[in-house]
Amino acid sequence: MASIANSLPLKHGISLWCPQHASLNRTRLPSSFRSSASARRYGVVSCAFANENREFVIVGGGNAAGYAARTFVEHGMADGKLCIVSKEAFAPYERPALTKAYLFPLDKKPARLPGFHTCVGSGGERQTPDWYKEKGIEMLYEDPVTGIDIEKQTLTTNSGKLLKYGSLIIATGCTASRLPDKIGGNLPGVHYIRDVADADSLISSLEKARKVVVVGGGYIGMEVAAAAAGWKLDTTIIFPENHLLQRLFTPSLARRYEEFYQENGVKFVKGASIKNIEAGSDGHVTAVKLENGSTIEADTIIIGIGAKPAVSPFERVGMNTTVGGIQVDGQFRTSVPGIFAIGDVAAFPLKMYNRIARVEHVDHARRSAQHCINALLTAKTHLYDYLPYFYSRVFEYEGSPRKIWWQFFGDNAVGETVEIGNFDPKIATFWIDSGKLKGVLLESGSPEEFQLLPKLARSQPHVAIAKLQKASSVEEALELAHASVQAGAV
């Protein structure tokens, strides 16, 4: 569940239209309601405010919402002031678990709620539903926002609730890209994963499955296929590209991962496009038919072909038509004063690379939420300076012959690559442009080595490619790159 979309460069590296955060005419609760004790005495409890006025409203119930809520609490601005409106049935949780530990075989200690509520993914407190109640945060579950009146500062929910806000934070994330109905994209046995209900439905299928087909060779495809292999199921990955994770992996690096997957029983069909999904007399899927005429049997199909920013009903706030999503500045302010957008849905200035980007990744969801709320509640005016970071962890279930964990920091859109190592036990890839290190990926690194990666990618030291290519090990290559950072700092 990770990707990055980029657009045209920015002049001077910042948004050209940074609106000033205007003072808002907010309807506030009386001061006697500011403490949870007073609120409860007068009947204002966490499940519902006394009136329809909310000082702060977060729309969305994913990672960004959970980390934004924590930041409001840290500033003492949540109790009786904050409302979260979500289509989810659960309090915010660490969504990456859904394609990783949540899908472990049932006898391999799979992850389950409340174990991965935010903010445990970054070492923080587990924010269960009781946590939100204790903090005086109003939670509206399974009631997505369907309309907004910008002039009146009101939201309408699916159940008909009318919510007036002072400041609005849009954290709606993404929805899964789907295959069209006309080719079988919604037949029984076809699965997409964006929430717990999706993952539960897939697990029910895996319990009965014999032949699994995963459509898509990106993050979702790789993680779901690894989980299916843990269930000892006949698993095939189909994708149109020439190799796995083409947006990030080099062909050489991808080959190493493909070989490992094959050793664990996963088959690949590359360069293939789906014509349609076939079903039996009971309507359930039986096979995937490819454009080349071949057919692959399947009783369970998982579609992982990307995601789309969930911008509805907020299109009027201001869209970025190049990378998708809602356009914001370096403090996550939209073109409408008092309205912000964070996480996957935000198209923001990627300062260090001088371009607009939209990043679908949990790390950005966490950091953008914290930066936005800190800017909203304090006098801090520094711009968001994000370093792109992606990772994956697969084959981590009990009994797996090897656990796979890689991390990438920086930019892989430029330069040439240098690959060091043999995958067993580890491998590293460096992206070098005009003599400067721009990005680095490491598989199976030590904690100290992983901690070095963001420093390398942000420092962008000058590195001699010839010297790097001669490194006899990953450790030596990282030492050379680290020495270049230290030399540049002198």
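Which value, in debye to the nearest 20, gives the size of the charge dipole of region 161-229 about its Cα centre, when Lys and Arg are +1 and Asp and Glu are -1 at the Cβ?
Charge dipole of region 161-229: 200 debye, to the nearest 20.
Near residue 275, which lysines are there with a Cα under 20 Å away, not counting those fewer than 8 places off in the same chain?
182, 211, 267, 289
Please compute, for the alpha-carbon atoms of the chain, the extent along each of the three principal axes and give them in descending order in Å.
71, 66, 39 Å, listed from the longest principal axis down.
Using the crude model of +1 on Lys and Arg Cβ and -1 on Asp and Glu Cβ, and no other charge, please compute the dipole size for region 268-367 relative to its Cα centre, in debye to 20.
Values: 11 positive and 10 negative charges, 131 e Å.
Around 620 debye, computed over region 268-367.
Give the accessible area for residue 371 in Å² (nearest 10); use a 1.4 Å probe, count only protein heavy atoms, and leave out ligands, DNA and RNA.
Surface open to solvent at residue 371 totals about 30 Å².
With every protein chain left in place, what is the accessible area per residue of the chain in square angstrom, probe 1.4 Å? Kindly include the intermediate steps, with their values, before the conclusion.
Numbers: 20360 Å² over 490 residues.
Averaged over the residues of the chain, the accessible area is 42 Å².
For region 230-371, calculate the relative contact order in percent as a whole number, restricting contacts to Cα pairs under 8 Å that are 6 or more residues apart.
Numbers: 195 pairs, mean separation 17.8, N = 142.
So the answer I get is 13 percent.
Residue 385 to residue 113: extension gain in nm, 0.36 nm per residue of separation minus the Cα-Cα distance? Kindly include the intermediate steps, with their values, before the conclusion.
On the way: separation 272, 0.36 × 272 = 97.92 nm, distance 3.25 nm.
Full extension of this stretch gives 94.7 nm more.
In percent, what relative contact order does region 77-179 have, based on Cα pairs under 8 Å that are 6 or more apart in sequence?
Details: 126 pairs, mean separation 29.0, N = 103.
RCO, region 77-179: 28 percent.
Based on DSSP H runs of at least 4 residues, each adding -39500 (n - 2.57), what is the mean residue ellipticity at 222 nm of the chain after dividing by all its residues, to the nearest 500 deg cm²/dmol? Numbers along the way, then the final one.
Working: 10 runs with 112 residues, N = 490.
Mean residue ellipticity at 222 nm (helix-derived): -7000 deg cm²/dmol.
Below 14 Å, Cα to Cα, which aspartates and glutamates can residue 133 reach? Residues fewer than 8 away in the same chain don't count.
Leaving aside aspartates and glutamates fewer than 8 places away in the same chain, those within reach of residue 133 are 79.
If you roll a 1.4 angstrom probe over the protein chains with everything in place, what fraction of the accessible area of region 182-334 belongs to carbon and sulfur, to the nearest %? Intermediate values should be presented prior to the final figure.
Numbers: 2800 of 6090 Å².
Within region 182-334, the accessible surface is 46 percent carbon and sulfur.
Pick out, from 239, 485, 209, the residue whose Cα sits farthest towards the positive end of the charge dipole of the chain, with +1 on the Cβ of Lys and Arg and -1 on the Cβ of Asp and Glu.
485
When the chain is fully extended, how far beyond the present Cα-Cα distance does residue 128 get from residue 308, taking 0.36 nm per residue of separation? Let's see the in-between values first.
On the way: separation 180, 0.36 × 180 = 64.80 nm, distance 2.79 nm.
Between residue 128 and residue 308, full extension yields an extra 62.0 nm.
List the lysines whose Cα sits under 29 Å from the Cα of residue 436, skipping any in the same chain fewer than 8 residues away.
11, 351, 426, 455, 467, 470
Give the accessible area for residue 465 in Å² (nearest 10); use a 1.4 Å probe, count only protein heavy atoms, and leave out ligands, DNA and RNA.
Its accessible surface works out to 40 Å², give or take rounding.
Suppose every K and R has +1 on its Cβ and every D and E has -1 on its Cβ; what is the size of the dipole of the chain about the Cα centre, in Debye to the nearest 20?
Details: 54 positive and 50 negative charges, 229 e Å.
Here the chain has a charge dipole of around 1100 debye.
If you rank 233, 202, 162 by how much accessible surface each has, with a 1.4 Å probe, what is the order from largest down?
Working: 233 25, 202 0, 162 95 Å².
If we order 233, 202, 162 from most to least accessible, we get 162, 233, 202.
List the relative contact order of the chain as a percent without decimals, with contacts defined as Cα pairs under 8 Å and 6+ residues apart. Please list the in-between numbers first.
Values: 1071 pairs, mean separation 77.3, N = 490.
16 percent.
Report the calculated FRET efficiency for residue 352 and residue 464 (r = Cβ-Cβ distance, R0 = 22 Å), to the nearest 0.05.
Working: r = 23 Å, r/R0 = 1.04.
The computed FRET efficiency comes out at 0.45.
In nm, to one decimal, how far is the residue 159 label point from the residue 247 one, both placed 7 Å along Cα→Cβ?
3.5
For region 119-159, build the charge dipole from Cβ charges (+1 Lys, Arg; -1 Asp, Glu) around the Cα centre, then report which of 153, 119, 140 sits farthest towards its positive end.
Of the candidates, 119 comes out farthest on the positive side.
The values are calculated or read from the model by the stated rules, or taken from the named source; none is laboratory data. Model, not experiment: these values are computed from the prediction. Don't worry about glycine lacking a Cβ; one is built from the backbone with ideal geometry, like all the others, and counts go over all protein chains shown. With ligands, DNA and RNA removed, areas are computed over all heavy atoms of the protein, side chains included. Shrake-Rupley method; radii C 1.70, N 1.55, O 1.52, S 1.80 Å.
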